[in-house]
Amino acid sequence: MQIFPLHPFRPQGDIPALRQQVRDLVAQHENRWSVLQRANCWFSFDAEFSKALGAAGLLGMTWPKQYGGHERTMLERYVVLEELLAAGAPAGLHWIADRQTGALLVRYGTEAQREKYLPGMARGEIYACIGLSEPNSGSDLASVRTSARRTQEGWRVNGQKVWTSGAHKSHAALTLLRTEEGSERQQGLSQLMIDLDTPGITIRPIIDMTGTHHFNEIFFDDVLLPLDALVGVEGQGWKQVTAELALERSGPERYLSSHILLVALIDAIGPEPTPEIAQQIGRLTAEMWTLRQMSMSTAAKLDAGEDPIVEAAIVKDLGNAYEQALPRLVQAAVDVDLAGSSALSQLLAYYLLAAPSFSLRGGTPEVLRGIIAKGLGLR
Amino acid sequence: MSENRALLVEMAEGLFADLAGASFEAAWPRVAEAGFASLLVSADQGGFGGDWGDVLAVLRLAGLNAVAAPVAEPIIAHALLAQAGIAAPAGLVTLVGRSGRTPFGRHADAVVSVADGVLSLHARGAFTVEEGTSLAGEPSDLVKLTGAPAASAPCAADLDGLGAFARVAQASGALESAFTLAIDHVNTRVQFGRTLAKFQAVQQALAEFSEEAAAVDAAAAACAAALDVGDAGFEIAAAKMRLGLAVDRATPIAHRMHGAIGFTMEYALNRYTRRLMAWRSEFGNDAFWAEALGRRVAVLGGHGLWREVAARTDRLIGQEA
C-alpha cells in the first residue's frame, strides 16, 4: 500500500479559460500593487480586488447558489487559488472567509447564519477571521479557556484570543469557546460566529517582526451575543474545528505564498544562468512542482468527499520546509543587496524575515508530524 | 485502475514477491518469461499494449521487492524498437545511457542506444563489456559500442530521461519497503522499557520519511501521466531531482531507526537503501537534472515557469486517470 494514495487531479470544465479569467482580472488590477503588497499575498489587502473577484464569480465558488455561491467544484476553486498566489495577488481580505469560514457555515450554519454572511462573503465584501489561539493555548488548542455561558439574554462571552490574523479588517470571527462550565480538553467546546462590532470587544494590534500588522489580540469583556450565534452543535466545536483545519492546511498557499520570490530570482538571473545557479533554480523548481502534484492530489481527495487530514499535514509540512528554505537558498547563492530597491532585493529582504511565520500558521512541523505519526499508527 | 492493469499488478505482485532475494540467474528467466519487456509494445505488434501508468505500477513493485534482474531497461528498449519499426532480437535487450554503465550488461544479448536523434541496436559482438559492480552488488558494466549496429532508425526519445523515470518508479517502491521495515522495527524493538515507536523523536523522524516517500510517489505518478500524453521532459527532470532529495533525506532515517541491525548484510534493509543510493546516480544525478531543469526554466522566465507548470497539467484534462 502506498503511504499516501494519490488521487489524480482531473477537473471538469474549461480550466484554461478559468485560468485566463483570473489572469485577465489580475492584469486589470496589478498596476496599483507594490512589490511588498504582492509578497505573502494571501495576507495582504486590496478591497477593490476582493470585490472584483466576487463580481467575477470567483469567491464562494463551491457554495450553493441560493447563498450567492456558484456550485463549482473544489478543483476549479483550486485553480483560481493557485493562479492568485502565483501572481502575488493581494487576496488576504477575503481569503479566510472564502477558504474556511464560509465553507463551515455551509456545512454547519443555521439558515439565518448562511443568509446573513454567505452572500456578502461571496461578493468579497464580508471578511472573517478565526478565533482559536489564546495566551495559554497555542499548539495545545484543546486547552482554550475563553468562555461562553448560556444566559436568558443570550451567550455571555469572556476571555481573550490572540494571534488572530486579520481581525482588525474582519466583520466577524468564528470563535472556539468553552460553552460547558468545568469541561476539560476537547469536551464542552462550541463555535460561535461573533460580529466584531458587538459592544465589549476590543481588538489590539500585534506588529510582527517584518513590521506588518496581521496579528491581533481580541478581548471579550462580558460580550452579549444572541443564542443563534452558535454554529453547528453545542459541544461539538472540536470536531468542527478539526475539519476546518484540514481545509486550512491543504491548500496551495502552503507552497506558493512566496512563489514570487522564485519568479524574481529567475527574472534577475536571466536566460543564461551559470551551472551553479541553474542547479539551484532547478532544485527549487523540482520541489515546487512536486508539492503542486501533492497539493492537487489532496484537493482531489477533498473533492471526492474524503477527509485527507494526514495528506494535508504532509503537504503543509513539506510546503513550509520548502518555503522557509527558499529565501535562505537565494541569499546563499546570489549576491543580493538586502537594502536595495530591485524587486529581488525587496522580496528577499521581506521573505528572510517572514519565513519563520510559515511554520507557525496552520501548525508547527512538530504538530504536523505528530498528526502524520498518528496516521501511521505510531501513537 | 483499468482491468488490464489490475491483472498486470496481480501477476507482478506475485512474481516479484517470489523473486525477492533471488539471484539474477534465478530471477531473470522468470521475469523474461512473464513478458514485461513487451509492456509498451502495441497489441498489433504482439505486445501487451500497456501505457506508462502500467509501467509505473510494474516498476514500483520491482523496486518494492528489490528484484535482482533488469525489468525497466527491456521495457524501454522494446518500446523504442517497436516505435522505430525494428524487430527486437531474442533474449535480454537493454539500454546504454550516456554514462555507458549498464545494469546486467554482461548478460545482454543486444543493447539499444540513442545518440543525435538516431536509435541504434547493437547485437552481442558489436559491443564490449567491462565488468563492474553497483552499490547494490549487482553487475554494473561499462558497455562500449565497437561494431556496426544491426539496425538503426530516427528516434526522438530521450533515453536517459526514460531511464530516469524508471529509477523514480523503482525508487518509489524501494522507499516504501525501507519505510515498512523501519515501522515494523520501531513497533517491536523495546528499549528503555518501551517500544521505540513510543518515542516522539522516532515518530517525528518516521513522519518525515513518509513525506519523502509520498513526494516520490506523487512525482512518479505525474511523470507517468505526462508520458502518456506525450512530452515529459520537464516532469522527469523535476522528478529525478526530487528523488535525489528524497534519498538524501529518507535513507539516513531508515538506517538511524534500525541501529546496527540495519547495517548488516543479513538484514533486508540494505537491499533497498543500497539500490536507492545507486539509483540516485543512474541516468543522471541531482546536478545533471537540476541544471537541465534550471536552464529550461531560465529560458521560460519567472512568469513563464508558472504558465508552463499549469499548462502541463491542464493538458491532462479529459484524459483517463
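Bear in mind these aren't lab numbers, they're just calculated from the coordinates by the rules spelled out. All values reported here derive from a predicted model rather than from experimental measurement. In this analysis, Cβ positions are derived from the backbone assuming ideal geometry, glycine residues included, and neighbour counts consider all displayed protein chains.
What to note about this one:
- Charge tally around A:Arg32: other residues with Cβ under 15 Å, Lys/Arg +1 each, Asp/Glu -1 each, net -1.
- Cα Rg over Rh - the stretch B:159-314, Kirkwood: 1.06
- Neighbour count of at most 16 Cβ within 10 Å plus DSSP loop: longest GluC sites (Glu not before Pro)-free window in chain B: B:132-265
- Sum of side-chain charges, B:Gln200 neighbourhood, beta-carbon under 14 Å (Lys, Arg +1; Asp, Glu -1): +3
- Of the residues B:Asn285, B:Asn270, B:Asn187, the one that moves most in a GNM of chain B with alpha-carbon contacts below 10 Å is B:Asn187.
- The P(r) of the protein assembly as shown has a tail past 34 Å containing 50 percent of all C-alpha pairs.
- Most fluctuating residue given options A:Pro271, A:Pro135, A:Pro356, as computed from a GNM of chain A linking Cα atoms under 10 Å: A:Pro271
- For the stretch A:180-216 and the stretch B:255-272, distance of Cα centres in Å: 50 Å
- Here's how it looks for B:Val118: its modeled amide H is under 5 Å from those of B:Cys155, which are all 5 or more places away or on a different chain.
- If you model chain B as an ellipsoid using its alpha carbon gyration tensor, with each semi-axis the square root of five times an eigenvalue, the axes come out at 32, 24, 19 Å, biggest first.
- Residues in the stretch A:136-172 that a label on A:Glu181 would reach, taking backbone N under 11 Å of a point 7 Å out along Cα→Cβ: A:149-151
- Sequence-distant contacts, meaning Cα pairs under 8 Å at least 6 residues apart, place the relative contact order of chain A at 16 percent.
- Rounded to two decimals, the Cα-based Rg/Rh of the stretch B:103-210, with Kirkwood Rh, is 1.25.
- For the stretch A:257-299, the Cα gyration tensor yields ellipsoid semi-axes of 23, 12, 6 Å (square root of five times each eigenvalue, largest first, whole Å).
- Value in Å of the Kirkwood radius, where chain A supplies the Cα pairs that are averaged: 21.5 Å
- Electrostatic bookkeeping for A:Glu366 treats Lys and Arg as +1 and Asp and Glu as -1; over the other residues with beta carbon under 15 Å from its beta carbon, the sum is +2.
- Estimated inter-spin distance, B:Ala32 and A:Asp24, nm [label 7 Å along Cα→Cβ]: 6.1 nm
- The stretch B:159-314: relative contact order in percent, alpha carbon pairs under 8 Å with at least 6 residues between: 32 percent
- Summary: within chain A, the longest segment free of GluC sites (Glu not before Pro) located in DSSP loops with at most 10 other C-beta atoms within 10 Å is A:185-379.
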